[in-house]
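Here's the structure we're looking at; comments come further down.
The values are calculated or read from the model by the stated rules, or taken from the named source; none is laboratory data. Small disclaimer: the values here were computed from a predicted structure and weren't measured. Note that each Cβ is placed from the backbone with ideal geometry, even for glycine, and that neighbours are counted across all protein chains shown.
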Ligand code: SF4
């Protein structure tokens with residue numbers, strides 16, 4: 001079977017927050033690729049840079065965030081090189097859309113669902129019938145079309161999240177980035193939202209980047225998983241490999257920290273220590289102070305993230321040719 005075409009290729013992406021205290025290296029030297037219709041889970045502790053990565057891909061980092069260098073190639077076009085006006089007109093919502101963290105709570109309480117969806121259509125010069133398109137979008141996320149007439153306060157959390165996903169998919173983007181789309185929802189609704197994303201990805205062939213702190217949740221939908229630590233991707237692999245054969249010591253620690261409800265041993269394995277400040281993450285491996293396998297050279301020499309080491313940013317998997 002032939003492989004699907006590459007939809008997204010990110011090369012050496014650096015995106016920092018230029019604060020008065022110095023640059024916060026929220027996204028540092030990130031490389032990743034995504035095939036058409038493929039889903040990638042990006043997992044890591046809070047403040048590891050995963051939301052900043054999603055926002056950088058959509059060129060929506062909050063100030064003073066800025067893409068410093070690197071490429072984001074979407075269907076063959078480096079979208080970091082586009083003028084803002086070009087990006088807004090042709091890429092945002094149309095090619096890449098994002099469900100931002102907490103977006104369901106940002107729905108405007110004074111406008112109906114229909115008005116809020118119609119505004120997006122209008123802003124992007126949609127030529128078809130607005131009402132039909134809105135009905136179709138709501139059906140696509142398994143909501144009754146009558147929801148269009150309701151206001152946000154008349155919807156449950158799960159319904160609001162479906163509306164937000166419908167908004168993101170309104171202009172049929174090729175890539176959907178969903179940042180913690182199930183946070184603040186109960187477990188049953190979480191599972192429904194994950195199933196919905198899975199359905200949309202299969203039926204619409206949309207590529208999905210799912211950002212979450214919850215490895216178990218991400219593994220339900222993602223074809224592959226990228227583990228992020230202190231602003232860097234430290235390992236990318238198939239979901240099966242990450243779960244069953246984790247290589248990077250941080251990935252191993254994350255897997256060990258997932259509670260196993262079937263096991264009699266109810267002990268939770270915390271990862272001792274805390275991530276470094278992204279203002280001054282240090283010269284060498286950023287996981288060095290917490291790593292049980294740390295070697296002397298890890299302190300000074302940063303391991304790289306490349307094919308030769310199997311996309312694991314760790315000296316244990318890299319030939320020391322320095
Ligand atoms: Fe641990 Fe060294 Fe690998 Fe970093 S490079 S994860 S410190 S073994």
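Before moving on, here are some points about what is shown:
- Taken together, 39, 60, 71 contain a single residue that is over 26 Å from residue 255 (Cα atoms) and touching a helix residue (DSSP H, G or I) at 6+ places or on another chain (Cβ under 8 Å), which is 71.
- The strands (runs of 3 or more DSSP E) found entirely in the stretch 195-295 that carry 2 or more residues being closer than 15 Å to residue 312 by Cβ and under 15 Å from the mean Cα position of the chain (by Cα) are 224-229, 232-238.
- Sole exception among (1) buried (at least 21 other Cβ atoms within 10 Å of the Cβ); (2) over 15 Å from residue 105 (Cβ atoms) for residue 181, by number: (2)
- Every residue from the stretch 74-108 that is loosely packed, with under 14 Cβ neighbours inside 10 Å and under 18 Å from the mean Cα position of the chain (by Cα): 102
- One residue from 88, 132 being assigned to a helix (DSSP H, G or I) and closer than 30 Å to residue 232 by Cα: 88
- Residue in the stretch 296-315 that is away from the ligand (no atom under 11 Å from the Cβ), surrounded by 14 or more Cβ atoms within 10 Å (Cβ to Cβ) and outside any loop (DSSP other than H, G, I, E, B) present: no
- When the stretch 109-143 is filtered for residues that are surrounded by fewer than 12 Cβ atoms within 10 Å (Cβ to Cβ) and in contact with a helix residue (DSSP H, G or I) (Cβ under 7 Å, 6 or more places away or on another chain), only 109 remains.
- With respect to the conditions (1) surrounded by 17 or more Cβ atoms within 10 Å (Cβ to Cβ); (2) part of a loop (DSSP other than H, G, I, E, B); (3) out of contact with any strand residue (DSSP E or B) (no Cβ under 8 Å at 6 or more places or on another chain), residue 172 falls short on a single one, namely (1).
- Residue within the stretch 242-249 that is free of Cβ contacts under 8 Å to residues at least 12 places away in the same chain, surrounded by fewer than 17 Cβ atoms within 10 Å (Cβ to Cβ) and in contact with a strand residue (DSSP E or B) (Cβ under 9 Å, 6 or more places away or on another chain) present: yes
- Criterion violated by residue 3 - all others in (1) modelled with pLDDT of 95 or more; (2) over 14 Å from the mean Cα position of the chain (by Cα) satisfied: (1)
- Of the criteria (1) in contact (Cβ under 8 Å) with a residue 24 or more places away in the chain; (2) loosely packed, with under 13 Cβ neighbours inside 10 Å; (3) over 22 Å from residue 16 (Cβ atoms), which one residue 280 fails: (3)
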